[in-house]
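Engineer: Shown below is the structure under consideration.
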Amino acid sequence: MIRLVLDSTCDFSLEYASKHHIEIVPLSVTFGEKVYKENIDLTKEEFYKMMAASDDLPKTSQPSPQDFLNVFEQLTSEGHQVICLTVTSALSGTYQSAMLAKTICGSEDIEIIDTKNVAMGIQIQAMEILKAIDQGLSFEMIVEKAKENVSKVRLMAAVDTLENLIKGGRLSKTEGLIGSLISIKPVIGFNEEGTIVTLGKFRGMKKAISNMIEIARNDDVDGSKAMCVGYTANPENMNRMLEGIIDSRFRFDGQFAVGAVIGTHAGPNAAAIAYFVK
């Protein structure tokens, strides 16, 4: 049997993962001296409450190679072939940890794929692999299709607050102050290298979401493949986005809450959409 292994930045719920026989390797979030395994020691709701009450941005850390090795050895010992999707290597060392674990394991039945993405961008890639597994395709064919799909993913997010970008050093305090005063809301995405890029900056969340919808409508969307939406802490902006997308090509496979690791940088009240282009 072919089994799927993901890291916790995919933000699938544990229930979804269990239903689809997905193994999740957690990243960690640190508040002060306390370390939490994402979605295991700390729920998404607890995380956002703690982050709102904290003066400092929590720190995030990747899984160790041993964390992946434990899963790989268990699955291969049971006779499974393994496809592992990781968060973009441009933002995390998780891919490198998984690759090292594969080398140590020494199995030919493990494939590691850098998704060049996060959260919903990983989810829809995983959904396509699950479809291929259900169709009975070979391990080699599924891996080939999965690698082809990486460059076809489009993920966009409208970010409601600049505070986390300032705390994380991705925006100067001066720029952040100006942005906050005039209510600037950036729309971000990922390039082919898996690096965050700014797609636009807008005055107010309403305009940011409208722009995101416009980009999606003008894209060469592949309506035959998985697509989904997500949010951080509060689904209000995601629901606003869904109300604005009146396009028959968009049939979403799920609405997901973004967890601690990605939420650390995106902040609360963000809205995101992920889909494939042809």
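Engineer: Among 76, 88, which is the only one that is over 23 Å from residue 272 (Cβ atoms), touching a strand residue (DSSP E or B) at 6+ places or on another chain (Cβ under 9 Å) and surrounded by 14 or more Cβ atoms within 10 Å (Cβ to Cβ)?
Structural biologist: One residue alone meets the criteria, 76.
Engineer: State whether one or more residues within the range 215-231 are in contact with a helix residue (DSSP H, G or I) (Cβ under 9 Å, 6 or more places away or on another chain) and either more than 25 Å from residue 85 (Cα to Cα) or surrounded by fewer than 17 Cβ atoms within 10 Å (Cβ to Cβ) (or both).
Structural biologist: Checked the range 215-231: no residue is in contact with a helix residue (DSSP H, G or I) (Cβ under 9 Å, 6 or more places away or on another chain) and either more than 25 Å from residue 85 (Cα to Cα) or surrounded by fewer than 17 Cβ atoms within 10 Å (Cβ to Cβ) (or both).
Engineer: Please state which one of 207, 185 is among the basic types (Lys, Arg), surrounded by 22 or more Cβ atoms within 10 Å (Cβ to Cβ) and either modelled with pLDDT of 95 or more or out of contact with any Ser or Thr (no Cβ under 6 Å at 6 or more places or on another chain) (or both).
Structural biologist: 185
Engineer: Would you mind stating whether residue 267 is at pLDDT below 95 and either in contact with a Gly (Cβ under 6 Å, 6 or more places away or on another chain) or under 18 Å from residue 9 (Cα atoms) (or both)?
Structural biologist: Criteria met by residue 267.
Engineer: Next question, about the same structure. So which helices (runs of 4 or more DSSP H) are wholly in the range 177-278 and hold at least 3 residues that are within 28 Å of residue 114 (Cα to Cα) and of a type in the set (A, V, I, L, M, F, W, C)?
Structural biologist: The helices (runs of 4 or more DSSP H) meeting that bar are 205-218, 260-266.
Engineer: Does residue 100 fit the bill of being in contact (Cβ under 8 Å) with a residue 12 or more places away in the chain and closer than 26 Å to residue 266 by Cα?
Structural biologist: Spelling it out, it is not the case that residue 100 is in contact (Cβ under 8 Å) with a residue 12 or more places away in the chain and closer than 26 Å to residue 266 by Cα.
Engineer: Could you name every one of the strands (runs of 3 or more DSSP E) located completely within the range 63-168 that has at least 2 residues being closer than 25 Å to residue 234 by Cβ and assigned by TED's automatic domain parsing to the domain that holds residue 271?
Structural biologist: Ranges flagged: 153-158.
Engineer: Tally time: how many residues in the range 50-65 are surrounded by fewer than 14 Cβ atoms within 10 Å (Cβ to Cβ) and either farther than 11 Å from residue 30 by Cα or acidic (Asp, Glu) (or both)?
Structural biologist: Count: 5.
Engineer: Moving on. Does residue 178 satisfy being modelled with pLDDT under 90 and either surrounded by fewer than 13 Cβ atoms within 10 Å (Cβ to Cβ) or of a type outside the set (S, T, N, Q) (or both)?
Structural biologist: In short, yes.
Engineer: Do you know which of the residues in the range 27-45 that are buried (at least 21 other Cβ atoms within 10 Å of the Cβ) and in a strand (DSSP E or B) is farthest from the chain's Cα centre (by Cα)?
Structural biologist: For the range 27-45, the residue satisfying everything is 42.
Engineer: Of the residues that make up the range 49-60, is at least one of a type in the set (A, V, I, L, M, F, W, C) and free of Cβ contacts under 8 Å to residues at least 12 places away in the same chain?
Structural biologist: The answer is yes; a qualifying residue exists.
The values are calculated or read from the model by the stated rules, or taken from the named source; none is laboratory data. Owing to the predicted nature of the structure, the values given are computational and were not obtained by experimental measurement. Cβ coordinates were reconstructed from backbone atoms using ideal geometry, including for glycine residues, and neighbour counts include every protein chain displayed.
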